[in-house]
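Take a look at the structure set out below.
The values are calculated or read from the model by the stated rules, or taken from the named source; none is laboratory data. Only a predicted model underlies this, so the values are computations on that prediction, with no experimental measurement involved. Counting neighbours? That spans all protein chains shown, and the Cβs are built from the backbone with ideal geometry, glycine included. Heavy atoms of the whole protein, side chains included, go into the accessibility calculation; ligands, DNA and RNA do not. Shrake-Rupley method; radii C 1.70, N 1.55, O 1.52, S 1.80 Å.
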Amino acid sequence: MSPAEHPPVFIQSRDNALVKDLRRLMEEGAAYRKQGRYWIEGDHLCRAALTRGVKPAVAVFSEKFWQSPENVFARAAARNIVIDTALFASLSPLPSPAPFGFLMDLPTQQAGIQPGVAAVVLDRVQDAGNVGSILRSASAFGFGQVIALKGSAALWSGKVLRAGMGAHFALHLVENASQEDVLALQQPLLVTSSHQGDWLHRAALPWPCTWVMGHEGQGVSESLQAAAQHHIRITQPGGEESLNVGAAAAICLHASAAARAD
């Protein structure tokens, strides 16, 4: 058995309360809001959390993986849970679930939005893959916080966490924010548009700033369009009407990072 500072608790019953909580976290996108904790699984996400100094509340292993020499996570948490291998595999909706994961305490949002910190606002961005992609771009290009307005995908859901590939642990994340919260940042607000504004490659981009990325079909709301100081267009010589919001975010955030570096 892999050595650990704290002896594990073994679970074999599907009626165990922790097993039921894990199943909800894996299957229900917003279950973390009720439980105050979220679930990550697999080597990449678990290592990403530890690398950023984010410690798990509980480490959970299948019995087979717990006994494996490949288990290097036995000391990652103060509490280890080992679940019957077949039962553990049955919990996940994924076709090839990982044999271990971490239960993480949900960060508090008592500090709210952080003034003066470059931000990305998600205005009802609903696709989990797009949201995770935007989080990755925000982290890569030096934006410290992502603010999700009401109607956006649940930031700590399993799908967004997997798409984010560890970006969550480098960002300050705020959910269910309002337009008033965004305006309280008091820094330049930039919105993308397919029909008006400055071309991105010619624009003088301010820093710090707040980029707003809008709903996949409707774009940025009219009220935020009206409040923005800068309207930006991305040149598209190929003639497409618009870009996927995840791709548009990567282009815009990179442009801000490049302008800051000049």
Between Gln236 and Leu50, 0.36 nm times their residue separation minus their Cα-Cα distance comes to what?
62.9 nm
With only helices counted (DSSP H, runs n ≥ 4, each -39500 (n - 2.57)), the per-residue ellipticity at 222 nm for the chain, to the nearest 500, works out to -9000 deg cm²/dmol
Here, region 125-211 modelled as identical Cα point scatterers in vacuum has Debye log10 I(q)/I(0) at q = 0.11 Å⁻¹ of -0.33
Provide the FRET efficiency to the nearest 0.05 for the Ala86-Gln35 pair, computing r from the beta carbons and using R0 = 30 Å.
0.80
How much solvent-accessible surface does Thr51 expose, in Å² to the nearest 10, with a 1.4 Å probe and all protein chains in place?
120
Stretched fully, the stretch from Lys159 through Val72 gains (0.36 nm per residue minus C-alpha distance, one decimal, in nm) 28.8 nm
What's the angle, to the nearest 10 degrees (0 to 90), between helix 17-27's Cα axis and the longest principal axis of the chain?
30
In units of 2.2 N^0.38 Å, the Cα radius of gyration of the chain is 1.13
Would you mind telling me the share, in percent, of accessible area of region 1-157 contributed by carbon and sulfur at probe 1.4 angstrom?
49
Given Cα pairs under 8 Å that are at least 6 residues apart, what percent is the relative contact order of the chain?
19
Placing +1 at every Lys and Arg Cβ and -1 at every Asp and Glu Cβ, with all other atoms neutral, what dipole size does region 152-234 have around its Cα centre, in debye to the nearest 20?
320
Counting only heavy atoms of protein chains, what accessible area per residue, in Å², does region 1-135 have with a probe of 1.4 Å?
50
Would you mind telling me the antiparallel percentage of the DSSP bridges in the chain, rounded to 5?
25
Projected label distance in nm at Arg24 and Ala247, using a 7 Å step from Cα toward the beta-carbon
4.0
Per the C-alpha gyration tensor (a ≥ b ≥ c, the square roots of its eigenvalues), region 126-169 is rounded if a/c is under 1.5, else prolate if a/b beats b/c, else oblate; here it's oblate
Put +1 on the Cβ of each Lys and Arg and -1 on the Cβ of each Asp and Glu in region 85-234; which of Gly164, Gly112, Ser223 then has its Cα farthest toward the positive end of the dipole?
Gly164
What nm value, rounded to one decimal, do you get for the distance between Arg14 and Thr108 when each label is placed 7 Å out toward the C-beta?
3.9
Report the charge-dipole magnitude of region 66-186 in Debye, nearest 20, computed about the Cα centre from +1 at each Lys and Arg Cβ and -1 at each Asp and Glu Cβ.
180
Take every Cα pair under 8 Å in region 188-261 that's 6+ residues apart, average their separations, divide by the length, and report that relative contact order as a whole percent.
45
Label-to-label distance, nm, for residues given as Arg260 and Leu183 (7 Å Cα→Cβ offset):
2.6
Measure nothing but the geometry: give the 0 to 90° angle between the long axis through the Cα atoms of 128-140 and the longest principal axis through the Cα atoms of the chain, rounded to 10°.
80
Would you work out which of Thr210, Ser92, Leu149 lies farthest towards the positive end of the dipole of the chain? Charges go on Cβ: Lys and Arg +1, Asp and Glu -1.
Ser92
Evaluated at q = 0.24 Å⁻¹: base-10 log I(q)/I(0), Debye formula over Cα of region 41-145:
-1.31
With axes computed from alpha carbons, what is the tilt in degrees of helix 245-261 against the longest principal axis of the chain, rounded to the nearest 10 within 0 to 90?
70
Taking only pairs that are 8 or more places apart or on different chains, how many Lys pairs in the chain have Cα atoms under 23 angstrom apart?
9
Give the Rg (one decimal place) followed by the Dmax (whole number) of region 168-227, computed from C-alpha coordinates and expressed in Å.
12.8, 36
Toy charge model, Lys and Arg Cβ at +1, Asp and Glu Cβ at -1: the chain dipole around Cα centroid in debye, rounded to 20, equals 480
